Structures are given as structure tokens and as C-alpha cells.
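What follows is calculated from the coordinates using simple rules that are stated; it is not laboratory data. Quantities reported herein were computed from a predicted structural model and do not represent experimental measurements. Counting neighbours? That spans all protein chains shown, and the Cβs are built from the backbone with ideal geometry, glycine included.
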Ligand code: ATP
């Protein structure tokens, strides 16, 4: 086990700064996720940790020690990529054993024993002699995971390992990956552009935007207390209302257009109000505003209504079927987040 730090790391490719002044502190045994839209620098950050890229400035440290100049094969990392990257001409067992090419199996174990143990761990015992082509996508990714874990790395790096799988399989595999990670207690950095996956699987997440860290926090924290408009809009659905001018009514209200909202805390100059769709209610007596319900989707466990409020789009998620046409929405002051 080891902790992992990035200290003010920058990496540019020509005119593109892929990673800019990124500092992260990943704890021993933590499941840490880098999440953000395409091109925000997730893969580059992972490659800097793995040693495939070198920082232009800043430092990467494992367990407190700089790994500057240490080549990837000496960094004690296991990596799983988006593509399964298994060798098609090798059996499942040979693919897993390939993970031990630079390193002996853990003390007291033969390679065969280690391979068997890993296949057991990823729930593929008995698949030793199969060819990768005979496995499903999810099974292939579990073989790739077994191969990455075979040499007992200190750090596990996962780069969008589920993005090639269909939604249902992805959800199943992410539970398995999380269970395996907890069982081994291995420091893990996971890359995904899928914010719901990031929230579901992580101990903490770092939200990246254009090469920079917008926020680091536990999933609940990032969801409930977004630190910026970018995080508020990227992580989960949100309604972000720009308060055009703050109105000092006991210091706790924000005016959006002609409507004044009580936001339950001092605004201190902040003029943007975020309210999650599930916090908006048609039967709320506070912070009421008139909308037009444009369309309603049935999600199975809830309804999602697309509403219009003075030219703004408003999303509402409710358990009860929303009314049609003209309606009034409201929210509790404590459910507002101010930016
Ligand atoms: P995605 O989710 O699409 O994989 P990402 O968040 O992983 O994106 P990166 O792959 O780290 O993003 O890329 C960050 C930026 O750096 C992008 O603008 C990308 O085009 C650029 N970039 C990455 N690697 C290189 C390279 N080897 N040469 C030139 N530009 C690169």
C-alpha cells in the first residue's frame, strides 16, 4: 500500500496544456477517481502517474518519494486500459501470467498458483485455458484486471476500463471492481468521463476541467456542495440560475429576474443559485415561481419534468406524476447552493 501525490504538475503538448498545476493527494488504499469531460486531462494525469509521461514541472510522489526519472516498469503500478489489450493468441492464464514478466509471484507462490488466485479473485476460476476471444467484454476486462494485479502493485490505475461495455454490464463490473479494490485495499486511481460512475464507485473524486482541478471531495460533497458552476453542471443534473443582481434582504436573498429567493445563508456577494432537480417541488410553499411544464419523462422510479420559467429551462425530478401545463414550483432555502 502506498499514498500518491501530484505536486503542482504541468504537462503541455505544443500549444495544448493538457495538465496545468494539478495537485492531488491520494491516500493509502483509497479509491480515487478523476472525472471530467473529454480532453480535460484525465488520461494524461494517469500517464504521468504511470511514468509514460514526464511532467514539464512539478513532481509525482509515491509514498512520499519522488518518482521523477523512474521508468514505468519500476513504478509498481498495475494498469487497465479502456481497450482490453489482451493477447489474442495467449490463453487467459497466459495473459494473467504475462503480468508477472517483470516480477516474481509473491513469496511462496508459483506462477500457476498466483494466476489461479487472481482468476478466483475476479470470479473467473476455471477459465484458465480459454482464449480471450471466447470471453465477453466484461470477462475480458476482469482478465485485464487480474493481469494488472498479478505482481501485487502498490497502485492500481484504471483508464475508462468499462467504457466499451454496455450500461448493464458496466454497472455489474463496477460493483465487482469496487469489491476487489476494497478486498485488496489497494490505492486506486480511476479515470472516467461518466459522473454517475464516479459518484457510485469512489471514496473521493477530483473533477477536472481544461487541465485543472475544479474540486476534490467525497461524492456526496461534490454533488451537494459543488465548488464552482462547472462542477454544479457537470456532476448530476442541476438548475443553475444566475442571479443578475444580489438583493440585500437580511443578506440571505438573491434576485433572479423578478423573483427573489431566500437561500438560507448570507450571500456575501454570490449571485448564482443552484437547485438540484430533486429539490424542486410542485407543493413547496417557499421560494415559489410559476413555470410551464413542457414535457415529462417516466424514469421508472421517478418522473423528470422539463419546465420553462421566463425563458429558462428548469428540470424537476419527482416521485409523483407532475402536473401538465401551468404550475408553480418551489424549494426550501436550505436546498439552494450559492456560487
Ligand atoms: P478523453 O476522455 O477524451 O480520453 P482526457 O480527459 O483523458 O480525454 P487527455 O487525453 O489527457 O484528456 O488530453 C488532454 C489534452 O491534451 C487534449 O486536448 C489532448 O488532445 C491533448 N493531448 C494529450 N496527449 C497528447 C499528445 N501526445 N500530443 C498532443 N496532444 C495531446
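Put simply, segment 35-155 fits an ellipsoid with semi-axes of 28, 18, 11 Å; these come from the alpha carbon gyration tensor as the roots of five times its eigenvalues, largest first.
Plainly put, segment 1-104 has a radius of gyration that is 1.00 times its Kirkwood radius, both from alpha-carbon atoms, as the Rg/Rh ratio.
The Rg/Rh ratio for the chain is 1.07, where Rg is the radius of gyration of the alpha carbons and Rh is the Kirkwood radius. Principal-axis analysis of the Cα atoms of the chain puts helix 111-121 at an angle of about 20° to the longest axis. A straight chain from residue 266 to residue 87 at 0.36 nm per residue would run longer than the Cα-Cα distance by 58.5 nm.
Within the listed set 75, 114, 101, the residue fluctuating most in the Gaussian network model of the chain (springs between alpha-carbon atoms under 10 angstrom) is 101. Hey, quick one: spin label on residue 130, modelled 7 Å out along Cα-Cβ, who in segment 81-111 has an amide N within reach, i.e. under 20 Å? The answer is 81-99, whose backbone nitrogens lie closer than 20 Å to the label point. For the chain, adding -39500 (n - 2.57) for each run of n ≥ 4 DSSP H residues and dividing by the number of residues yields -6500 deg cm²/dmol at 222 nm.
Between the helical axis of 137-149 and the longest alpha-carbon principal axis of the chain there is an angle of about 60 degrees.
Between 308, 152, 214, the GNM of the chain built on Cα springs shorter than 10 angstrom shows 308 fluctuating the most.
When the Gaussian network model of the chain links Cα atoms closer than 10 Å, the mean-square fluctuations of 144, 107, 198 top out at 107.
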